[in-house]
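One structure is given below, encoded as structure tokens.
No value in this document is a laboratory result; all are computed from the given coordinates. None of these values were measured; they are calculated from a predicted model. We place every Cβ from the backbone using ideal geometry, glycine too, and count neighbours over all the protein chains shown.
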Amino acid sequence: MSKQISHPDGSRRTTTRRVIPAKRKALFAGLIVLLFFGGVELAARLVAGSASEGRFRQISEIVSFLSEEESALILESDSETFWKLRPNVVISNPRSILFQGRVSNSLGYRNEDFPLDRPKSTTRIVCFGDSSTFGIGTPQTDTWPAQLESALNSDADFLRTQLLPASPDSRVEVVNASAPGYTSYQILRRMRRELPLLDPDVVFITCANNDFWRWDDRTDAQQAERLAGSPVRNALMHSRAFQLASEWYSRSGSVASTRDAEWARKASLNYFDPDEAWTPRVPLEDFESNLQQIAFLCEEQKVPLVLVIWPDQLQAAGKWSVRVNYHAAMFKVASQRGLLVADVATAFQRRPWSVRCYIPNDIVHVNAEGNRIAAEAARNALDQVFPPDSTLQQLVIPAGFASDPTDR
């Protein structure tokens, strides 16, 4: 195609512009699209690995296998803890099995929104843990951290005689900093990152429910080392763009294979009947080491630590469970470090009917009544953190009476 062009010297010259055929344009456009999506898939593979390698990919498969929810709506990848809760998630599906109501607030905790900077009149309790504390299968208000908060704030004696110095606007705030599927390895790393930000007065941790679980031939620590060992993958893990690409890859049909579903089925069975050929996510000796490091973190920040012993349905019935050895390690570390224990397992065993508190087709997660028992065990532990002041107890004035006769 020819075209005349005027130049500054007044001359006019004819130039010829090459016309690219429409078919060739379409070919170039298609090549660009292929290169783009090829790059996205490569990045996603580097970040997430295959179904048998990436922890985020694995938890996504398990959530999809066990429920109707799409994990990408609830969880997102995290470079330190493999995954975390997406912020501002609310599940309104009445048929939802695992997740109900408020899943997370704007900060990624299973609470209503609260100011990160703790008010002086607020005593903050932070509960780090797994799905038993997160409250799988129950609304946010029925979880034991929420029930603990409600019980403490309605207990005038506790607010007046145990939270010192007390003030008219004293209140307790219980932060649920738990996430489904977390092990002690993940809890430790989350605490390193968030403990200083939350500035708690007391910390509860619930673990051992996932540490013995076998997902593949690597421990959580080995999986993290594998990710950190690749400079390219490590750089991509800190890129939000590539995290989104990884999540797109996880949801794409190209990887939704029968192999993934079969892996999820086998991994889920390992929770009930562990296959010794698979590797525990956190072996017992590593579990004990993680607890020691968690205790040290709290000692550094001068925060009392309470270990929560969470029972499965077998333990509630007084039978042996694979968790027994891990619970023994928790009692051992508690004895060595002078830590407090909220023994929910014993609390359940003292109530024979507690075996009916577990949600249907589940041996770990409990309903509102089961969470109430756990909240009561946690409340009992707090009596040792905040011993009642007997002199102030004598000054508690019954409701309806004034403190000064002249005020009557």
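Some observations on this one:
- Put in line by how crowded their Cβ is, counting other Cβ atoms within 10 Å and starting with the fewest, Y271, Y185 read Y271, Y185.
- Charged side chains reduced to their Cβ positions (Lys and Arg at +1, Asp and Glu at -1) give the range 56-206 a dipole of some 240 debye around its Cα centre.
- Net +/- balance of residues flanking N325 in space, Cβ distance below 12 Å, scoring K and R +1, D and E -1: -1
- Among 131-142, 195-206, 84-95, the order from most to least packed when residues are scored by Cβ within 10 Å on average: 131-142, 195-206, 84-95
- Between the range 76-119 and the range 323-354, the Cα center-to-center distance that results, in Å: 28 Å
- Summing Cβ point charges (Lys, Arg +1; Asp, Glu -1) relative to the Cα centre of the range 271-347 gives a dipole of roughly 280 debye.
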